[in-house]
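The values are calculated or read from the model by the stated rules, or taken from the named source; none is laboratory data. In this text, all values refer to a predicted model and were calculated from it rather than measured experimentally. All Cβ positions, glycine included, derive from the backbone under ideal geometry; neighbour counts span all protein chains shown. For accessibility, only protein heavy atoms count, side chains too; no ligands or nucleic acids. Shrake-Rupley method; radii C 1.70, N 1.55, O 1.52, S 1.80 Å.
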Amino acid sequence: MAIPLSQIVFIEEQAAGIGKSAKIVVHLHPAPPNKEPGPFQSSKNSYIKLSFKEHGQIEFYRRLSEEMTQRRWENMPVSQALPTNRGPQPGRIRAVGIVGIERKLEEKRKETDKNISEAFEDLSKLMVKAKEMVELSKSIANKIKDKQGDITEDETIRFKSYLLSMGIANPVTRETCGSGTQYHMQLAKQLAGILQAPLEERGGIMSLTEVYCLVNRARGMELLSPEDLVNACKMLEALQLPLRLRVFDSGVMVIELQSHKEEEMVASALETVSEKGSLTSEEFAKLVGMSVLLAKERLLLAEKMGHLCRDDSVEGLRFYPNLFMTQS
């Protein structure tokens, strides 16, 4: 059954009631004299009601409203108009009017379900490959340990660079180290091993957010929770490892080298600000090559120690050298 869109006067939504589903009411013009045969030749009602079993009602109403607004059938050439009094062609399904819109919605839904299924299949394949790469890097690490005397120092460094590009060869997990304190202790030792080089490249300090991203990128599929990372970092200093967790007055948490000197950090900030006259956190971060968050903490620390002073205005927070400390 098909109804030409030109026969529709307007459409409206009918809300659901007790024991009744929501419906779309389609009001129609009187039937033309030359209308095609249908289930009924005439009716006392000038409308039909459409009910949907599962879903698609909202999308159908939106699409039909757009068609009624644009009225594209009025600009359709005569050659493309619907044929009348012609039987259905074999092997071809008529997709016109309301039936056609509903069929297109169903096809779109099936295509979406298919795409989602294929995406999850690709993700499963990627997870399998990632586990294979971790196993491969682990086997190479074991071979380096077994044949330490047969492999030169240059070859060992080259192999380790390959392993670093693939991630952590044997990440500490709850399955291998159990849970609780023992797990966090082993995790802290592994963090000290993989973070020392990146910290030295970044001036001896990194925000905990940067550490979290760096560690999880290296661990591959064995992702680390924020809670486990914080608990492991709290043990760094107690285990006498070369790193430590530090919490600033603002609550910002960072990992820094034990050799990182606060006095040197403040002196460097004072020298940079003095050279430029004044700096904001963003300007200072760009000059020293660090995140804005850490740059602001460094300037605030220098201010706390009396080396800098601030100008907090509508233009933002700007730091100046404290001339009361440097000039008599």
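Mind checking whether some residue in the range 212-230 is over 27 Å from GLY289 (Cα atoms) and touching a Leu at 6+ places or on another chain (Cβ under 8 Å)?
yes
The set of residues in the range 1-25 being over 41 Å from the mean Cα position of the chain (by Cα) and within 19 Å of GLU74 (Cα to Cα) consists of ALA2, ILE3, PRO4, LEU5, SER6, GLN7, ILE8, VAL9, PHE10. Applying the set (1) without any contact (Cβ under 8 Å) to a residue 60 or more places away in the chain; (2) under 22 Å from GLU201 (Cα atoms) to ALA238 leaves exactly one unmet item: (2). Taking the numbered list (1) part of a loop (DSSP other than H, G, I, E, B); (2) at negative phi in turn, GLY203 passes all entries but (2).
The set of residues in the range 244-257 being open to solvent by 80 Å² or more (accessible area, probe 1.4 Å) and outside any strand (DSSP E or B) consists of ASP249 alone. For the range 200-210, check the following and say yes or no: at least one residue is farther than 29 Å from MET305 by Cβ, modelled with pLDDT of 85 or more and touching a helix residue (DSSP H, G or I) at 6+ places or on another chain (Cβ under 8 Å). Checking the range 200-210: not a single residue is farther than 29 Å from MET305 by Cβ, modelled with pLDDT of 85 or more and touching a helix residue (DSSP H, G or I) at 6+ places or on another chain (Cβ under 8 Å). Select from the range 260-280 the residues that are touching a Gly at 6+ places or on another chain (Cβ under 9 Å) and at pLDDT 90 or above and list them in ascending order. Answer for the range 260-280, where residues must be touching a Gly at 6+ places or on another chain (Cβ under 9 Å) and at pLDDT 90 or above: just THR280. Considering the range 175-211, and only residues there that are touching a residue at least 60 places away in the same chain (Cβ under 8 Å) and of a type in the set (D, E, K, R), the residue that is most open to solvent (accessible area, probe 1.4 Å) turns out to be ARG202.
In this structure, does PRO90 turn out to be part of a loop (DSSP other than H, G, I, E, B), at pLDDT 75 or above and either among the hydrophobic types (A, V, I, L, M, F, W, C) or surrounded by fewer than 11 Cβ atoms within 10 Å (Cβ to Cβ) (or both)?
Working: part of a loop (DSSP other than H, G, I, E, B): yes; at pLDDT 75 or above: no; either among the hydrophobic types (A, V, I, L, M, F, W, C) or surrounded by fewer than 11 Cβ atoms within 10 Å (Cβ to Cβ) (or both): yes.
Criteria not met by PRO90.
Restricting LEU223, LEU229, LEU241, LEU214 to those that are open to solvent by 20 Å² or more (accessible area, probe 1.4 Å), in a helix (DSSP H, G or I), closer than 21 Å to LEU195 by Cα and in the same structural domain as GLN186 (by the TED database) reduces the list to LEU214.
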